[in-house]
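The values are calculated or read from the model by the stated rules, or taken from the named source; none is laboratory data. Bear in mind that the values here come from a model prediction, so they are computed numbers and not experimental data. Don't worry about glycine lacking a Cβ; one is built from the backbone with ideal geometry, like all the others, and counts go over all protein chains shown.
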Amino acid sequence: MRVPMAWLREYVDIPWDAGELAERLTWAGLKVESVEEVGEELAGLVAARILEIRPHPRSPGLWLCRLEDGEAVRQVVTGAPGLAAGQVVAYARPGGVLPGGRRLGRERFGGELSEGMMLAATELVLGEEHREGEGVLVLPAEVTPGTDLVRYFPLRDTVLELELTVNYATHCQSILGVAREVASLTGGRVRLPAVFARDYQPGLPAGEDAHGEAARITSVRVEDGDLCPRYTALVLEDVRPAFSPVPVQFRLHAAGMRPLSAVVDVTNYVMLELGQPLHAFDLDRLEERRIVVRRAREGERLRTLDGRDRELDGEMLVIADAVRPVALAGVMGGEETEVTPATRRVLMEAAWFHPVSVRRTSRRLGLRTGAAARFEKGIDPAAVLAASRRACSLLEEMGVARLVSGSVDVRPSGYGARQASLRPARVGAVLGLDIPESEIAGALGRLGFGVDTTGGESWRVTVPTWRADVVGEIDLIEEVARLHGYQRIPSTLPTGSPATGYLTREQRLTARAREILAAAGLAEALTFSLIAPDAFDRLGLGGDDPRRRALTVRNPLSVEWSVLRTSLLPGLLACLAHNQAHRVPRAGLFEVSAVYLPGELPPRELPSERLYAAAAAYGPWRDPHWRGDSPEVDYFLLKGVVEYLLDALGVGPVEFTPSGEPFLHPGRQARITCGEHLLGVVGELHPRVARAYELQGRVAAWELDFSTVLALATEDRRYRPLPRYPAVTRDVAFMLADHIPAARAEEVIRRHGGALLESLRLFDVFRGEGILPGHRSLAYSLVYRSPDKTLTDREVDEVHAGVRRALEVELGATLR
Amino acid sequence: MEWDWVRLRQDAEAEVAGAATRAELEEVRIRYLGRKGVVTRALAQLGRLPPEERPEFGRQANSLRQGLEEAVARRREEIEREEETRRLREEAVDVTLPGVPVRRGSLHPLYRVAEEVKRIFLGMGYRVAEGPEVEYDWYNFEALNIPRDHPSRDAQESLYITDDILLRTQTSPVQIRVMQAMAPRLPVKVIAPGKVYRRDTVDPTHSFMFHQVEGLLVDRGVTMADLKGTLEEFARQLYGPETRVRLRPSYFPFTEPSAELDATCPLCGGKGCSTCGSGWLEMAGCGMVHPRVLEVGGYDPEEVTGFAFGMGLDRLTMLKYRITDLRLLFQNDVRFLEQFI
Ligand SMILES: [Zn+2]
């Protein structure tokens, strides 16, 4: 909302400059985004008298004009017709600057010098080429040549750009509305145009008033009163085509609208000024010269003023004549009935349309107009006809039309000021400060509310019709707060019921997990929850893989981000690819975040949002270093991280068994389980999947259902006594067939090591010389210890021999 | 045989002192104190001396032996010290060579800031609540006083799954869920950080996914001054004790009165800079919980009042680490992430 200061000053006295006004309005809730000077660039625009005019000697259709501009006598070549010596015209001197910054100079046309330029209103106001049918702007003959036109009209103003919140948009989308706010701040009064003040009707019952000549010429029938509580029509005759006076054009321009023709300009002018949208129909183009307000019928179409054919539906309210829709109610008029230079009679519509209806129509058609913006926030029903009269009287003043007597005013609903109650004690209780009752009443009074304090503890407050946003007590409290000043609210700390802050077990453990993964050397990532629909194909998931059951966003902005992830890995793999594309030599990422697992599809209930944890990495585990190179990321490095994480969370015992994930290397992947619980999977990426993500080299990854991990986690730690007797270490090395996993060998060793076997550690895996094909050699270091005595060699030898024998017998191992 | 004890002692001590290594010293020791050493032999002669000479001879010989033993021990210590000094000198390294690198992990800057926010509010007695990101339209809008055709839906274009299910556009629906779970117990005192989604393109300042933290306090006698004081305390802990705050009128359908809370810019201390312009930075949208929202939550607005606030975590993060492009937070370039070790 743009507010030219000079216009605002017509409505209210302002004791402040623009900067201070902006500050004060902002603090009252009308945020002023910027303060802009319009017309600052203008220079050398003056009145000039035509001394002589004659045809150009060589170019037919051009004239040579000699002008006196108060400074010098100039020659201008012009193509404008109808000029005569003695006229005073708008003129830009050479060196003069038009709106938008165009600077005029001296030129030659057909060999004749032309200095500066005579101006049409459009050039003067907008700095643009004159409109069709528009000639040089002729000023009253008494204007002295040399008069500065910027000051004469004026063509310069300070404009406040307001960024209105939804609640203030109801009553502040007009000069009048902002003026009321200013008056509430200054304690001053708003000056209304006389005709508006006279016809302003604070309350009317439902009904129909049709009288005077207007009622004989036209009629209005409102069929769908639920969407149109009030519709009024005035009739103008003897309409002639004209452009608006320069001051009107300038104000429209300063407020951000384009001047068009006088009739259209005035409807816009009054909308900006009073907040009431108006529409002018060419009365003689309305079938039977009458108005029907109704919902559109299926299949009806309308070409709107912007030249586009619109398909209408039964939800949309239209203005129709006897036959067809001629306007989208409250949104935009139709092309066929618009006012043209040929128009002789105008039906001036001023109405009150239902906010939701206007909003739906406007949104469905993508038509955001000034009228719609006002109707959908709620207008002042009391101002409808008064605003229309204001517009008609302006047109009469301009001499472009004559208002016929009478009016048509159809009101399916009545309207009037609403009542609300306010307990003054409640104001301080909500805001946390003491405001005297007199100040509360005063603040509301200055905002136009009627306050009846006779109730004592509960006041009756009358809400003016222009405040559709104010409904209940809390709205009134807010009004008092902003007028009293938010700055005056003190800072206190709540003194209510005691409360202790703490994290839940899950929150605490999740934070711990993230710290562990960072300590393990991974960088925490934050990926989008939305992934591309082809992510599952890229992973090579089977057609019935449960992870393909994902929710899809119905209206995504980009299909790349349209499916709610069921795994964290697609996001992490894409990020690894980003890093490789930027030639980052090594990357290791983890994320602990939600995946979204729907129940039935399409969903009727919310999906289960399960916390997952995942990691993915490529490249050397450490940066290259002078002391030697680092291992490359592989299955075992990331398995080590998972083991660390699960250990630290007290989850165990954990088993890794070969698995068959399609996106992982078939020989380098394991399912991670704890008892009967499936925790997740770890492995190296299948080369086909790596190619799909444009990843080079070995990539390893894991993913855990972290919600399950959390359920199994424990923060309990028990002290184990330190050993009091020495340990005896024995190694065992043996050759074992490849199909027997090391975990089996460990299980055998543990079983036969019994209570004396304290720990075992694999320290070598060897293939090659001396080892049968299809076999490998495993070497374990076993630590034997008794908690209550020093073991003798004999005791250890006996147990160890049992272990060795069992490896041979149970696993067919060959001892080495 | 006449023994020149003095001479003998001088020679022996000179030889001990002259030994440069432990081996040489050992040679000297054997020569004098060994089984066939000079001193040992001398003592062996003792029995053959006339009885009146024996005590003197014995004393001299023993004194010599004792003296030499001590000298050898001293010298051995010296030699060992010298040898160690030499070894240490040889082992000297270029201390400017880099240390063996530890694999460095890092925590995401946004989560770091979220943790800090949580820590501050936990200290003020708040708990951390969670709510679904895929949410019913009813919780996200209707329950928050934003019916289907409310104009403020314009500013929050939503990503829909079905007519009734969407990706939450704000963390505010958690307010409703928490109140409904808590009612009628008091106080309701939670913050709710989390992801939110809007139909926005990704650019340096926008993203379809971003993060908010919601705060809610419902209790008897909660005032707007309490809201200001609470956020002032938060701002001071986050930005420093000099920080000042102010409330500016604003509008949210689910709070009334509504406000924006500005804090003095931590970069310039409120003097004005290229980041803040005026010296103030918008920190939170906030207000008193609307009576209708309290009712939906299961509380009687005549009995209790409440305040709520919402902050953009992405913005706090960008400000804290002087990050100028929002996209960096989601690209996961490790060169970026590893700066937050
Ligand atoms: Zn600053």
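Numerical summary
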quantity: Filter result for residue A:644 (of a type in the set (Phe, Trp, Tyr) and in a loop (DSSP other than H, G, I, E, B)); calculated: no
quantity: Neighbours by Cβ (under 7 Å, 6+ apart or cross-chain): first from the range B:77-88, without any contact (Cβ under 8 Å) to a residue 60 or more places away in the chain and on the phi < 0 side of the Ramachandran plot; second polar (S, T, N, Q) and in a helix (DSSP H, G or I); calculated: none
quantity: Wholly within the range B:239-289, strands (runs of 3 or more DSSP E) carrying at least 1 residues that are within 12 Å of the ligand (Cβ to nearest atom); calculated: B:255-264, B:280-289
quantity: Residue check, residue B:218 away from the ligand (no atom under 16 Å from the Cβ), over 32 Å from the mean Cα position of the chain (by Cα) and in a helix (DSSP H, G or I); calculated: no
quantity: Scope the range A:512-553; condition more than 14 Å from chain B (Cβ to nearest Cβ), in contact (Cβ under 8 Å) with a residue 60 or more places away in the chain and assigned to a loop (DSSP other than H, G, I, E, B); matching residues; calculated: A:539, A:540, A:541, A:542, A:545
quantity: Looking only at the range A:472-511, and only at residues there that are charged (D, E, K, R) and facing chain B (nearest Cβ under 7 Å), the one that is surrounded by the most Cβ atoms within 10 Å (Cβ to Cβ); calculated: A:478
quantity: Close pairs from the range A:756-771: first on the phi < 0 side of the Ramachandran plot, partner among the β-branched types (Val, Ile, Thr), Cβ under 7 Å, at least 6 apart; calculated: A:756/A:799; A:758/A:783; A:759/A:783; A:760/A:749
quantity: Members of the range A:581-637 that are at the interface with chain B (Cβ under 10 Å from one of its Cβ atoms), hydroxyl-bearing (Ser, Thr, Tyr) and farther than 16 Å from residue A:680 by Cβ; calculated: A:596, A:608, A:630
quantity: Residue under evaluation residue A:469, criteria (1) acidic (Asp, Glu); (2) closer than 30 Å to residue A:220 by Cβ; (3) part of a helix (DSSP H, G or I), criterion not met; calculated: (3)
quantity: Residue under evaluation residue B:298, criteria (1) within 16 Å of the ligand (Cβ to nearest atom); (2) at positive phi; (3) in contact with a helix residue (DSSP H, G or I) (Cβ under 8 Å, 6 or more places away or on another chain), criterion not met; calculated: (1)
quantity: The lone exception for residue B:195 - which of (1) closer than 18 Å to residue B:121 by Cβ; (2) at the interface with chain A (Cβ under 9 Å from one of its Cβ atoms) it fails; calculated: (1)
quantity: Selected residue (only one of A:162, A:185 is within 14 Å of another protein chain (Cβ to nearest Cβ) and touching a Cys at 6+ places or on another chain (Cβ under 9 Å)); calculated: A:162
quantity: Tally of residues being under 20 Å from residue B:207 (Cβ atoms) and part of a helix (DSSP H, G or I) across the range B:138-172; calculated: 2
quantity: Complete set of residues in the range A:556-570 that are in contact (Cβ under 8 Å) with a residue 24 or more places away in the chain and at the interface with chain B (Cβ under 9 Å from one of its Cβ atoms); calculated: A:556, A:561, A:562, A:564
quantity: Inter-residue pairs, beta-carbon under 7 Å, first within 14 Å of chain A (Cβ to nearest Cβ) and in the range B:258-279, second within 8 Å of the ligand (Cβ to nearest atom) and aliphatic (A, V, I, L, M), 6+ apart; calculated: B:262/B:281; B:263/B:281
quantity: Only listed residue being at the interface with another protein chain (Cβ under 9 Å from one of its Cβ atoms) and buried (at least 23 other Cβ atoms within 10 Å of the Cβ), chosen from B:122, B:110; calculated: B:110
quantity: Any hit, the range B:83-106, residues being under 30 Å from residue A:515 (Cα atoms), among the small types (Gly, Ala, Ser) and assigned to a loop (DSSP other than H, G, I, E, B); calculated: yes
quantity: Within the range A:333-446, helices (runs of 4 or more DSSP H) holding 3 or more residues that are under 30 Å from residue B:219 (Cβ atoms) and within 13 Å of chain B (Cβ to nearest Cβ); calculated: A:424-431
quantity: Residue B:234, sole failed condition from (1) surrounded by 22 or more Cβ atoms within 10 Å (Cβ to Cβ); (2) within 10 Å of chain A (Cβ to nearest Cβ); (3) assigned to a helix (DSSP H, G or I); calculated: (2)
quantity: Residues (buried (at least 22 other Cβ atoms within 10 Å of the Cβ), touching an Asp or Glu at 6+ places or on another chain (Cβ under 7 Å) and within 22 Å of residue B:299 (Cα to Cα)) located in the range B:161-188; calculated: B:171, B:172, B:173, B:174, B:175
quantity: Matching entry among A:749, A:771 (being in a loop (DSSP other than H, G, I, E, B) and either modelled with pLDDT of 95 or more or within 18 Å of residue A:811 (Cβ to Cβ) (or both)); calculated: A:771
quantity: Candidate set from the range B:301-336 (those that are under 20 Å from residue A:529 (Cβ atoms), touching a His at 6+ places or on another chain (Cβ under 9 Å) and of a type outside the set (D, E, K, R)); member that is farthest from the ligand (Cβ to nearest atom); calculated: B:332
quantity: Sole exception among (1) more than 16 Å from residue B:167 (Cβ to Cβ); (2) at pLDDT below 95; (3) under 27 Å from the mean Cα position of the chain (by Cα) for residue A:526, by number; calculated: (2)
quantity: Condition check for residue B:127: without any contact (Cβ under 8 Å) to a residue 60 or more places away in the chain and under 22 Å from residue B:213 (Cα atoms); calculated: no
quantity: Count of residues meeting criterion [among the hydrophobic types (A, V, I, L, M, F, W, C) and not in a helix (DSSP H, G or I)] in the range B:1-31; calculated: 4
